[in-house]
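Novice: The following block contains the structure, expressed as structure tokens.
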Amino acid sequence: MQASVINIESVRNDFPILKRKVHKDKLLVYLDNAATTQKPIQVIEAISNYYLNYNSNIHRAVHELAEEATAAYETTRDKVAKFINAKNREEIVFVRGTTEAINLVAYAWGRQNVQKDDIIVTTEYEHHSNIVPWQLLVKEKGAKLEYIGVDDNGELILDQLDTYLATGKVKLVTFSQMSNVLGTITKSEEIIKKCHKYNVRVLVDGAQSVPHMKVDLQKLDCDFFAFSAHKMLGPTGVGILWARKELLQEMVPFNGGGDMIREVHKYETTWNDLPYKFEAGTPNIADVIGFAAAIDYLEKIGMDKVREHEVDITKYALEKLSQIKGIKIYGPMNTEKRGGVISFNLGDIHPHDLATIIDEDGVAIRSGHHCAQVLMERLDVSATSRASFYIYNTKEEVDVLIKSLNRAKELFKL
Ligand code: C6P
């Protein structure tokens with residue numbers, strides 16, 4: 001195995017699924033990490049330990065099991081706050097994922113703050129979850145949705161933001177800190193500074209950034225931030241909405257029910273403290289507890305090393321992929337500007353056909369529109385193939401990908 005800043009051999013041993021064979025005898029080469037990552041044994045055990053030993057509802061009963069479950073659940077909140085350097089633990093709201101976090105803001109903040117003719121600005125490289133909630137909101141309010149365009153290098157055309165801000169009508173600017181298709185890392189701090197000069201709120205979609213690089217929310221200085229546990233070794237069904245305390249205090253609840261109330265009377269209810277005001281009903285206790293083990297795992301490696309490893313493997317993959325005749329790679333080629341997500345098309349082979357062929361060799365990639373159809377329109381394609389890396393991937397696995405792509409080329413006589 002080629003050298004890396006991460007002890008890959010030891011890391012891979014923590015992921016039972018990586019020993020799995022697919023199509024009878026092909027060792028799994030998992031390159032679909034932008035969709036969801038695999039889970040280390042530590043995360044799997046944290047979840048089963050909860051169910052085996054202290055399964056209980058939280059924030060309600062006083063028995064020992066309930067106390068243990070509540071403590072473990074709240075420990076995850078502290079770990080998340082530290083991981084992203086949030087100022088206050090009350091600003092960390094557990095939700096189901098990035099999608100729910102953005103919908104929560106569009107509903108609870110957007111419906112209170114966005115009026116007719118106001119503008120929400122998003123970008124052409126957003127995931128559908130950072131487009132559709134805003135479309136719903138602007139339709140309801142008679143407001144407008146505008147897009148920052150993407151240039152031919154896969155980067156945002158930031159001059160367009162200046163034009164929108166100059167109208168004085170922008171209420172919110174939102175963007176992904178890393179594109180899930182192009183891998184482009186957004187110039188987030190620059191955008192946020194500009195927006196704040198105009199007193200415009202900013203929501204950052206961190207679904208593809210938090211798993212892969214150090215994110216410091218106090219430095220970033222945005223107003224809302226969303227990400228998902230399952231893209232960073234954690235379980236599915238857990239996500240985080242972070243928002244400034246003052247904003248969460250002003251916002252109306254998203255869901256009504258248990259745990260989010262202080263007092264309920266026949267016709268009036270008062271709200272619980274933050275963050276519980278936004279966590280109605282029995283939450284996903286087991287998976288929130290499992291998420292803490294994922295954070296511990298990443299912190300033990302160190303996010304700087306996670307990034308360094310991915311830059312190294314991405315550089316290698318870009319070099320090797322570029323040598324394949326007929327390939328078109330999307331997004332910046334400079335690894336300082338991008339993360340470990342590489343979208344490409346090979347001749348006129350449909351991405352689904354390509355993905356099916358290389359799956360026969362054990363290589364799992366994603367093909368399709370990647371929930372980014374606005375970007376597909378911009379790129380003038382209906383779909384792409386996408387390989388995406390994480391801490392356990394190796395250059396040898398990139399070699400398997402390349403070999404498999406060459407086999408597909410031969411099959412299609414390209
Ligand atoms: N992207 C992908 O294969 P959820 O599904 O709520 O955990 O995350 C949604 C989401 C939001 N923003 C970005 C930038 C994302 O990449 C995703 C999820 C996956 O690219 C699944 S579609």
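Novice: As a quick test, which of the pairs LYS79/LYS305; LYS87/LYS116; LYS116/LYS219; LYS193/LYS245; LYS171/LYS337 have an alpha carbon distance above 30 angstrom in this structure?
Specialist: Going by Cα-Cα distance, LYS87/LYS116; LYS116/LYS219 fall outside the 30 Å limit.
Novice: With contacts defined as alpha carbon pairs under 8 Å and 6 or more residues apart, what's the relative contact order of the chain in percent?
Specialist: Computed over the chain, the figure is 23 percent.
Novice: Just to be sure I understand the model, the point goes 7 Å from the Cα along the line to the Cβ. What's the resulting LYS82 to LEU136 distance in nm?
Specialist: Between LYS82 and LEU136, the simple spin-label model gives 3.6 nm.
Novice: Express in whole angstrom the spacing between the alpha-carbon centres of the stretch 109-126 and the stretch 312-380.
Specialist: For the stretch 109-126 versus the stretch 312-380, the Cα centre distance is 31 Å.
Novice: Just to check I understand the Karplus step: with θ = phi - 60° and J = 6.51 cos²θ - 1.76 cosθ + 1.60, what whole-Hz values come out for the stretch 303-315, glycine and proline as x?
Specialist: Karplus values, whole Hz, x for Gly and Pro: 5, 5, 6, 4, 5, 4, 4, 5, 4, 4, 6, 5, 4.
Novice: For the stretch 343-414, what is the accessible area per residue in Å² when the probe is 1.4 Å?
Specialist: 40 Å²
Novice: While we're on this one: Quick one: order LYS315, LYS116 from most to least accessible surface, probe 1.4 Å.
Specialist: Values: LYS315 105, LYS116 140 Å².
From most accessible down to least: LYS116, LYS315.
Novice: Between VAL22 and GLU396, what is 0.36 nm times their sequence separation minus the Cα-Cα distance? Round to one decimal in nm.
Specialist: On the way: separation 374, 0.36 × 374 = 134.64 nm, distance 1.76 nm.
Taking 0.36 nm per residue and subtracting the Cα distance, the gain is 132.9 nm.
Novice: Excluding ligands, DNA and RNA, what is the solvent-accessible area per residue of the stretch 227-300 at a probe of 1.4 Å, expressed in Å²?
Specialist: 43 Å²
Novice: Of the accessible area of the chain, with the probe set at 1.4 angstrom, what percent is carbon plus sulfur? Before the final figure, lay out each step's value.
Specialist: Details: 8770 of 17830 Å².
The nonpolar share, carbon plus sulfur, comes to 49 percent.
Novice: Just name one of ASN57, ILE157, ASN88: the one whose Cα is farthest towards the positive end of the charge dipole of the stretch 32-159 (beta-carbon charges, Lys/Arg +1, Asp/Glu -1).
Specialist: So the residue furthest toward the plus end is ASN57.
Novice: Hey, any idea what Rg/Rh is for the stretch 45-299, computing Rh the Kirkwood way over Cα pairs?
Specialist: 0.99
Novice: Related question: Suppose all protein chains stay in the model; what accessible area per residue would a 1.4 Å probe give for the stretch 1-67, in Å²?
Specialist: Here the per-residue accessible area is 59 Å².
Novice: Using 0.36 nm times the number of residues separating GLU377 and ASN57, minus their current alpha carbon distance, what extension gain do you get?
Specialist: So the chain would gain 110.6 nm between GLU377 and ASN57.
The values are calculated or read from the model by the stated rules, or taken from the named source; none is laboratory data. Just so it is clear, the structure is predicted and the values come from calculations on it, not from any experiment. Glycine also receives a Cβ, built like all others from the backbone with ideal geometry; neighbour counts cover every protein chain displayed. What goes into the accessible areas is simple: the full protein's heavy atoms, side chains included, and nothing from ligands, DNA or RNA. Shrake-Rupley method; radii C 1.70, N 1.55, O 1.52, S 1.80 Å.
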